[in-house]
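The values are calculated or read from the model by the stated rules, or taken from the named source; none is laboratory data. Since the model is a prediction, treat every value here as computed from it, not as a measurement. All Cβ positions, glycine included, derive from the backbone under ideal geometry; neighbour counts span all protein chains shown. When the accessible area is computed, the model is the full protein with side chains, heavy atoms only, and any ligands, DNA or RNA have been set aside. Shrake-Rupley method; radii C 1.70, N 1.55, O 1.52, S 1.80 Å.
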Amino acid sequence: MGGGTDPGSEADRGFCTYIRFTGPDLVSTVTSVVGALRQIARWFGPEHTGCSQGAYELDGTSISFAGASPSGTVLYSGRLSEDALSLSLDTHSLINGRRAHVELRFTETEFPDRENT
């Protein structure tokens, strides 16, 4: 799972984008408060309706996916770093038209027993 912000916007408002890869080609995304990783780990995943879901495509270091939720869809495209420990993504919200750039660092996270809230 990785978390990151687009400099000067989400971080200034105290929010962060979290991404979790949950299978051979599945991804979940959510925006939450900065530093909430331990709190969201209890419920963050494909079975939670508050998360956007999608399938990702990986071609070398290039990655793309669309995160769909009841609110709408956000498109993501970017690159993995050579060491595969960070991800640089351009985003385009089809919900509000907003475009952003996010830099994420992968973080190994243990997922405790989940609650489906």
Given the criteria more than 16 Å from Phe21 (Cα to Cα), open to solvent by 30 Å² or more (accessible area, probe 1.4 Å) and not hydrophobic (A, V, I, L, M, F, W, C), does Ser93 qualify? no
Give the residue that is nearest to Pro24 (Cα to Cα), with candidates limited to residues of the stretch 83-106 that are of a type in the set (D, E, K, R) and in contact (Cβ under 8 Å) with a residue 60 or more places away in the chain. Arg105
Mind checking which strands (runs of 3 or more DSSP E) fall wholly inside the stretch 15-82 and carry at least 3 residues that are over 19 Å from Asn96 (Cβ atoms) and open to solvent by 30 Å² or more (accessible area, probe 1.4 Å)? 52-59
Is there any pair with a first residue in the stretch 60-82 that is touching a residue at least 40 places away in the same chain (Cβ under 8 Å) and a second that is exposed (fewer than 12 other Cβ atoms within 10 Å of the Cβ) whose Cβ atoms are under 6 Å apart and which are 6 or more apart or on different chains, and what are they? none
Conditions: (1) open to solvent by 60 Å² or more (accessible area, probe 1.4 Å); (2) modelled with pLDDT of 90 or more; (3) hydroxyl-bearing (Ser, Thr, Tyr). Thr117 meets all but one. Number of the miss? (2)
